[in-house]
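Colleague: Let me begin by handing over the structure; questions about it come next.
All of the numbers you see were taken from the coordinates with simple rules; none came from a lab. Values in this document were obtained by computation on a predicted structure and should not be read as measured data. Neighbour counts run over all protein chains shown; Cβ positions are idealised from the backbone, glycine included.
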Amino acid sequence: MSPEAPSLLEVRGLVREFDLPGRGLFGPRRFLTAVSDVSFAIRRGEILGLVGESGSGKTTIGRMVMRLLDPTRGEVFFDGLDLTSLKGRKLRQQRRRFQMVFQDPYASLNPRMSVGEIVGEPLLIHDLVNSPSERRERVVRLFDRVGLSSHDLDRYPREFSGGGRQRVGIARAIACSPDLLVADEPIASLDLSIGAQIINLFASLNQTERMSLLFISHDLSVVRYLSDRVVVLYRGWAIESGPTPEVLTAPAHPYTRLLVGQDPGIPAELLNGESETPGLCPFLSRCPDALPVCREAAPDRFGNAGGGREVVCHLAASQDSWMPSSSSPSIQGIA
Ligand code: SF4
């Protein structure tokens, strides 16, 4: 993938806050910051892995990219269009170009419709077929593409295994030939061998149809296998990013190092500590490498000399291979 390839998706300074209950009539607003100033881009035909443990904000980011959730601040550009400002018909027109594959395929499929109807529905909504026979023909081709049989057309979601339902969900997602798929933990509820088949299906869609993919997962081994680049999230912060092999074999951030060392899980005490001091590094209380400066100021974002990698950590300031990144808001004003 050429670094000069144009971005299909660009996420800039995304923030999402959720109000917490218990404010009282005149009390101050209480809120949880689920996503803090996250920026990244996906080039055409690229697979970007968004990795982090439960509660790191990755699903919230996926939902904001899909416009299923409005950001508190920040922008999402898709093929140059500011999605955050699109509404109504203009948003619906663009929607067929970016589609989502959900973790729980059963919950995302209408149980009262046959799977043939489910997969063919987007073709009707977006007016992409002229007749029922053309629609059926297109659905049969989609079934074939995801490894389902045309004999399955009239069956219902409940009659499929988890892997079969996920194939139906993927067939529906690719029905309108989108440019981007957002896949949120798509194999988390599947057993190992079925999950591997679904991963290979995503890889094949990327290679043959050039679909870009935002692949959201807590599973580093899958992200390592599938993605060209990776963004590592910690408590809503994008703390490190870059080409997947480089980040996962030579991580620069102490959290990424722990994550890689503990693959596929990390100790609970690293996830469930006390809340951090606003305005300082979110990993401070758990960092084995913390410096005195980490207790005084927020770290800046640093880029590596060769380009393509970023890390938000004070440790990078003392290393020649890193320099302050111009793209940078650092960690500021953490709520
Ligand atoms: S900024 Fe300091 S506390 Fe945060 S990860 Fe880097 S070394 Fe650790």
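Colleague: Over the C-alpha atoms of region 1-110, what are the Rg and the largest Cα-to-Cα span, Dmax, in Å?
Modeller: Cα only, region 1-110: 16.0, 55 Å (Rg, Dmax).
Colleague: What are the extents of the Cα atoms of region 142-291 along their three principal axes, in Å, largest first?
Modeller: That gives 62, 30, 27 Å along the principal axes, largest extent first.
Colleague: Continuing with this model, one more query. Placing unit charges on C-beta atoms (Lys and Arg positive, Asp and Glu negative, everything else neutral), compute the dipole magnitude of the chain about its Cα centre in debye, rounded to 20.
Modeller: That gives a dipole near 1040 debye.
Colleague: Looking only at S56, S39, S131, which one moves most when the chain is put into a Gaussian network model with springs between Cα atoms under 10 Å?
Modeller: S131
Colleague: Considering only V312, Q99, G45, whose Cα is most displaced toward the positive end of the charge dipole of the chain, charges sitting on Cβ of Lys, Arg (+1) and Asp, Glu (-1)?
Modeller: Of the candidates, Q99 comes out farthest on the positive side.
Colleague: At a Förster distance of 51 Å, what's the computed FRET efficiency of E121 paired with E296, Cβ-Cβ distance as r, to 0.05?
Modeller: Approximately 0.35, to the nearest 0.05.
Colleague: Sum -39500 (n - 2.57) across every DSSP H segment of at least 4 residues in the chain, then divide by the residue count to get the 222 nm mean residue ellipticity, nearest 500.
Modeller: -8500 deg cm²/dmol
Colleague: Something else about it: Which one of I174, A238, S217 is farthest out on the positive end of the charge dipole of region 165-254, using unit charges on Cβ (Lys, Arg +1; Asp, Glu -1) and the Cα centre as origin?
Modeller: Sorting the options by dipole projection puts first I174.
Colleague: Roughly what % of DSSP beta bridges within the chain run antiparallel, to the nearest 5?
Modeller: Rounded to the nearest five, the antiparallel share is 60 percent.
Colleague: With an 8 Å Cα cut-off and a minimum separation of 6 or more residues, compute the relative contact order for the chain in percent.
Modeller: So the answer I get is 19 percent.
Colleague: Same structure, new question: Taking a quarter of the surface of the Cα convex hull of the chain, what do you get in nm²?
Modeller: 19.1 nm²
Colleague: Karplus couplings for region 284-291 from phi (6.51 cos²θ - 1.76 cosθ + 1.60, θ = phi - 60°), rounded to Hz, Gly and Pro as x?
Modeller: Listing the rounded values in order: 3, 5, 10, 7, x, 10, 4, 9 Hz.
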